[in-house]
Each structure stands twice: as structure tokens, then as C-alpha cells.
1. Is the chain best put as rounded, prolate or oblate by its Cα gyration tensor, with a ≥ b ≥ c the root eigenvalues, rounded for a/c under 1.5, and otherwise prolate when a/b is larger than b/c, oblate when not?
2. So what are the ³J(HN,Hα) numbers for region 62-73, from phi and the Karplus equation (6.51, -1.76, 1.60; θ = phi - 60°), rounded to whole Hz, Gly and Pro as x?
3. Which value, in Å², gives the accessible area per residue of the chain when a 1.4 Å probe is used on the protein heavy atoms?
4. What residues have an amide H closer than 5 Å to that of Ile5, excluding those fewer than 5 places away on the same chain, when H is modeled at 1.01 Å from N in the peptide plane?
5. Per DSSP helix of 4 or more residues, -39500 (n - 2.57); summed, then divided by the residues of the chain. What does that give at 222 nm, rounded to the nearest 500?
6. Between Gly60 and residues 5 or more places away or on another chain, which pairs have amide H atoms under 5 Å apart, with H built 1.01 Å from N, and which residues are they?
7. Whenever you get a sec, compute what percent of the accessible area on the chain sits on carbon and sulfur atoms (1.4 Å probe).
Amino acid sequence: MDKQIHPNYIKSSNLIFGTVGFGLINFFFASELLSTGQNIATAILTLVFIAGLGFLVRQGKDWVKYLLLVFLVFGLIGLPFIINNIVQRPVIGIINIVQTIMQLWATVLLFKFPKIVDDKTNKE
């Protein structure tokens, strides 16, 4: 059976990869946060983990949307810290808000439609 990934999964993975790009940009603006090896390792592992989630979404793995939803809820708990960043470091705060919006939209896209469509029978 020939199956294809729903276009919303592709869009969602593109948004997730975009948040990784913004995370890399944040490295340049938050260089004081990357002063120790442990902080650098944590930042790199976080970006690799997010990129891995984007890869799994691109593969059409349905369970990833639930994992993203859980991480999104935990991320929204940190919203006061993002608002604090806007006051103290506006560029970093704005990038964080853009990342949050992109991740929120990526998750919504995953729940909007089923992951695969069977071309032969046109059933989902």
C-alpha cells in the first residue's frame, strides 16, 4: 500500500526546524548564558532533540504530536520567564515568543488532520 505523509505534517516539521534555526540565532544574543561547557552542551542537546522531533514529524510518526503537546504545555508554564526576557533582553524575548508561536502552530497542524492517506482506497 502506497502511503504518503499528510501535507500538514510537512508544514509542521518545517515550523519545528524553523524554531531550531531561531535557537541558533539566540546563541549569538545570549552568549553570556553559554559561558560554561555544561550550558553549551545543554543548549546543543536541546536543539538536537527538537530537530529530532521535527525529523520524526516529517516521517509521519503519529505519536510525536502527543509528545509535542506535553512539551508545549510545559513550555507555556515558562511564559512568565519569556515575558521577563522581553523586559531584560528584548531580542531574546521576541525570538522566544516567535519560537513558542511556531511550536504552538506546529502542534495544532498535527492535530488538525490524520497523518497518512492511503492512495489506493482514498481512506485515511
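The values are calculated or read from the model by the stated rules, or taken from the named source; none is laboratory data. Since this is a predicted model, take the numbers as computed values, not measurements. To get the accessible areas, we keep the full protein, side chains included, count just its heavy atoms, and leave off ligands, DNA and RNA. Shrake-Rupley method; radii C 1.70, N 1.55, O 1.52, S 1.80 Å.
1. Details: a/c = 2.93, a/b = 2.18, b/c = 1.34.
Cα axes put the chain in the prolate bin.
2. Per residue, the Karplus-derived 3J(HN,Hα) values read 5, 5, 5, 5, 6, 5, 4, 4, 5, 5, 5, 4 Hz.
3. Values: 7770 Å² over 124 residues.
Here the per-residue accessible area is 63 Å².
4. none
5. Values: 5 runs with 93 residues, N = 124.
The helix-only estimate for the chain comes to -25500 deg cm²/dmol at 222 nm.
6. Amide H to amide H, under 5 Å and 5 or more residues apart or across chains, Gly60 pairs with nothing.
7. Numbers: 5510 of 7770 Å².
Roughly 71 percent of what the probe reaches on the chain is carbon or sulfur.
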